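Here's the structure, in structure tokens; my notes come after.
The values are calculated or read from the model by the stated rules, or taken from the named source; none is laboratory data. Every value quoted in this text rests on a predicted model; they were computed, and no experiment measured them. Cβ coordinates were reconstructed from backbone atoms using ideal geometry, including for glycine residues, and neighbour counts include every protein chain displayed. Only protein heavy atoms, including side chains, enter the accessible area calculation; ligands, DNA and RNA are left aside. Shrake-Rupley method; radii C 1.70, N 1.55, O 1.52, S 1.80 Å.
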Amino acid sequence: MPHRPDHEWLKEHIRDIPDFPKEGIVFKDITPLLADKKAFSYTIDAIAHHFDRDEIDKVLGIEARGFMVAAPLAYRFQAGLIPVRKKGKLPWAVEAQEYDLEYGTDLLEIHNDAIQPGERILVVDDVLATGGTAEATAHLTERCGGKVAGIAMIMELSFLQGRKKLDGYDVLSLVTY
Ligand code: AMP
């Protein structure tokens, strides 16, 4: 049997907050994980271990918790760091991609000069839920001429089947609910 690292203990540092930000949602709060020196460094190391640093040119973080995971990964890989932000937050010219929310749609934006043609991009966020956010970000990356080298999250809510939207990509989540 191939060895699969067991990251389950990280769940001790992920807090469930029922009915946040609205009724019926169980919010997965990573602030205890970020605040714990062992859990945070382990998380960054475990993601870094899965990808080959020579095959990543830039790490892309999705607003806002994705930034907190993407920045130490970029440093560790000696790669560049790119923010993808919600509509209207970035100061320079942007490419925008629509994505579905529970009700309606919204826009994710990236600076139009953030990615050079052919650059290999690791997309990073904290939670994979329905997959809409990661899918839109992957499309944005490709529209800018980048290649998605992988998609990494701390956790995946598998009952929402986000992976189905990310077929064909190397998707890593450390723990699954
Ligand atoms: P989705 O597009 O449905 O995959 O949602 C992913 C985005 O929403 C990520 O940026 C997450 O940070 C956030 N998100 C979705 N569901 C949750 C949840 N239950 N707890 C915390 N963050 C969530």
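Tally Lys and Arg at +1 and Asp and Glu at -1 over the other residues with C-beta under 10 Å from the C-beta of residue 32: what net charge comes out?
Details: positive: 15; negative: 12, 29, 36.
Within the 10 Å Cβ shell, the charges total -2.
Using the Cα centre of segment 1-123 as the reference point, and only Cβ charges (+1 on K/R, -1 on D/E), how large is the resulting charge dipole? Debye, rounded to the nearest 20.
Once rounded to the nearest 20, the dipole reads 400 debye.
As a test question: what accessible area, to the nearest 10 Å², does residue 41 have when a 1.4 Å probe is rolled over all protein chains in place?
Number for this one is 60 Å².
Please give the length that would be gained between residue 37 and residue 160 if that part of the chain were fully extended, namely 0.36 nm times their separation in residues minus their C-alpha to C-alpha distance (nm, one decimal).
Extra length available between residue 37 and residue 160 comes to 41.3 nm.
When the chain is fully extended, how far beyond the present Cα-Cα distance does residue 176 get from residue 107, taking 0.36 nm per residue of separation?
22.1 nm
Would you tally the net charge around residue 65, using a Cβ to Cβ cut-off of less than 12 Å, leaving residue 65 out, and scoring K and R as +1, D and E as -1?
Here the charged neighbours net out to -3.
Please list, in order along segment 81-87, the HN-Hα scalar couplings obtained from phi with the Karplus expression 6.51 cos²θ - 1.76 cosθ + 1.60 (θ = phi - 60°), rounded to whole Hz, x for Gly and Pro.
Taking θ as phi minus 60°, the curve returns 10, 10, x, 10, 10, 5, 3 Hz for segment 81-87.
Any of 37/58; 38/58; 22/165; 22/87; 38/165; 11/165 with alpha carbons more than 30 Å apart? Name them for me.
The pairs that break the limit, which is 30 Å between Cα atoms, are 38/165.
By how many nm would the segment from residue 23 to residue 98 lengthen if fully extended, with 0.36 nm per residue of separation less the alpha-carbon distance?
24.5 nm
Test of understanding: express the Cα radius of gyration of the chain as a ratio to 2.2 N^0.38 Å, with N the residue count.
Cα Rg divided by the expected 2.2 N^0.38 Å: 1.00.
Considering only DSSP beta bridges whose two residues both sit in the chain, what percent are antiparallel, to the nearest 5?
Of all bridge pairs located within the chain, approximately 35 percent are antiparallel.
Would you pull out the residues with amide H under 5 Å of residue 79's amide H, same chain only if 5 or more places away, H placed 1.01 Å from N?
Here the answer is none, since no amide H 5 or more places off falls under 5 Å of that of residue 79.
Apply the membrane-span-like helix rule to the chain: whole DSSP H runs, Cα extent along the own long axis of at least 30 Å, mean Kyte-Doolittle hydropathy at least -1.0. List the helices found.
Taking the DSSP H segments of the chain (at least 30 Å long, mean hydropathy at least -1.0), we get none.
When Lys and Arg each count +1 and Asp and Glu each count -1, what net charge do the other residues less than 9 Å away from residue 119, Cβ to Cβ, add up to?
On the way: positive: 58, 120, 147; negative: 57.
Neighbour charge sum, excluding residue 119 itself: +2.
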